[in-house]
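See structure below.
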Amino acid sequence: IPLPDGAFCFSPWLDLTMSGESIVRNRSKDGIIGNSPMSLYARAYAGETDVHHPWISPIFANLNGLPPVLVQVSSSEVLFSDSQTFVDRARKHGVRAELQVFRGQVHVFQAIPYILPEADAALDRVRIWCHPPIAIPSG
């Protein structure tokens, strides 16, 4: 199956083992999923499959050959460290990966544009990432 030209992710859950330090550090800051029963959600999603399997937790996958990836996340989310670790691993595997961190936002804040100025700004950054300005040669 051919890969897409790129991917962007909003507040992705990339490690269903929940080993990232922000799972605990940001629990009281994350008003959307901070106090949710994430281990139950992980088990429901994974079914009989081990949550360490790369198809369940992409943070453990071989990332070689991935197309460019943009990840946006809030520093206040329980999933913050998932995004950091994934982007770091992707870069080590030669993937053009960009992490855009927004301070003090809720989980998937990009879903509420027109209400939240930071969501509008985030979506503008996605648009620019997908369609960068064309450099016009001078002279």
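Provide the gained length on full extension for the span ALA111 to GLU98, in nm with one decimal, where the gain is 0.36 nm per separating residue minus the Cα-Cα distance. Each step should come with its number before you reach the end.
Numbers: separation 13, 0.36 × 13 = 4.68 nm, distance 1.99 nm.
In short, 2.7 nm is gained.
Available extension along the chain between GLU48 and ASP88 is 11.5 nm, counting 0.36 nm per residue and deducting the alpha carbon span.
Rounded to two decimals, what ratio of Rg to Rh does the chain give with C-alpha atoms and a Kirkwood Rh? Working shown, then result.
Values: Rg = 16.3 Å, Rh = 16.1 Å.
The Rg/Rh ratio comes out at 1.01.
Working out 0.36 nm times the residue gap between ILE32 and HIS131, then minus their Cα-Cα distance, what length gain in nm do you get to one decimal? Show your work: numbers first, answer last.
Details: separation 99, 0.36 × 99 = 35.64 nm, distance 3.08 nm.
Result for the pair: 32.6 nm of gain on full extension.
Report, in debye and to the nearest 20, how large the dipole of the range 40-99 comes out about its Cα centre when Lys and Arg carry +1 and Asp and Glu carry -1 on their Cβ. Walk me through the numbers on the way to the answer.
Details: 5 positive and 6 negative charges, 44 e Å.
Its charge dipole is roughly 200 debye.
Amide H contacts under 5 Å for ALA97: VAL69, restricted to partners 5 or more places along the chain or on a different chain, H placed in the peptide plane at 1.01 Å from N. Rolling a 1.4 angstrom probe over the protein heavy atoms with all chains in place gives the chain an accessible area of 61 Å² per residue.
State to the nearest 20 debye the size of the charge dipole of the chain about its Cα centre, where the only charges are +1 on K and R beta carbons and -1 on D and E beta carbons. The partial results should precede the final answer.
Numbers: 11 positive and 13 negative charges, 43 e Å.
The dipole of the chain has a size of about 200 debye.
Net charge dipole, the range 89-139: roughly 380 debye, given to the nearest 20, about the Cα centre with Cβ charges of +1 for Lys and Arg and -1 for Asp and Glu. With contributions of -39500 (n - 2.57) from each DSSP H run of at least four residues, the per-residue ellipticity at 222 nm computed over the chain stands at -8500 deg cm²/dmol.
Under 5 Å from the amide H of CYS9 lie the amide H atoms of LEU70, VAL71, GLN72, each residue being 5 or more positions distant or on a separate chain, with H modelled from the backbone and absent for Pro and chain starts. Considering only HIS107, ALA46, ILE136, and ranking their Cα positions along the charge dipole of the chain that arises from unit charges at the beta-carbon of Lys, Arg, Asp and Glu, the one farthest toward the positive end is ILE136.
Amide H to amide H, with H built 1.01 Å from N, SER75 comes under 5 Å of PHE102, ARG103, GLY104, GLN105, counting only residues 5 or more places away or on other chains. Of the chymotrypsin sites (Phe, Trp or Tyr not before Pro) found in the range 92-124, those in coil by DSSP whose Cβ has at most 11 other Cβ atoms within 10 Å are TYR114. Solvent-accessible area assigned to carbon and sulfur over the range 74-139 amounts to 58 percent, based on a 1.4 Å probe. Its alpha carbons considered, the range 68-139 gives a radius of gyration followed by a Dmax of 14.3, 50 Å.
Taking the chain as a Gaussian network of alpha-carbon nodes connected by springs under 10 Å, the highest mean-square fluctuation of the residues ILE33, ILE59, ILE112 belongs to ILE112.
The values are calculated or read from the model by the stated rules, or taken from the named source; none is laboratory data. The model shown is predicted, which means the values in this text are computed figures rather than measured ones. Backbone-built Cβ (ideal geometry, glycine too); neighbour counts: all protein chains shown. Heavy atoms of the whole protein, side chains included, go into the accessibility calculation; ligands, DNA and RNA do not. Shrake-Rupley method; radii C 1.70, N 1.55, O 1.52, S 1.80 Å.
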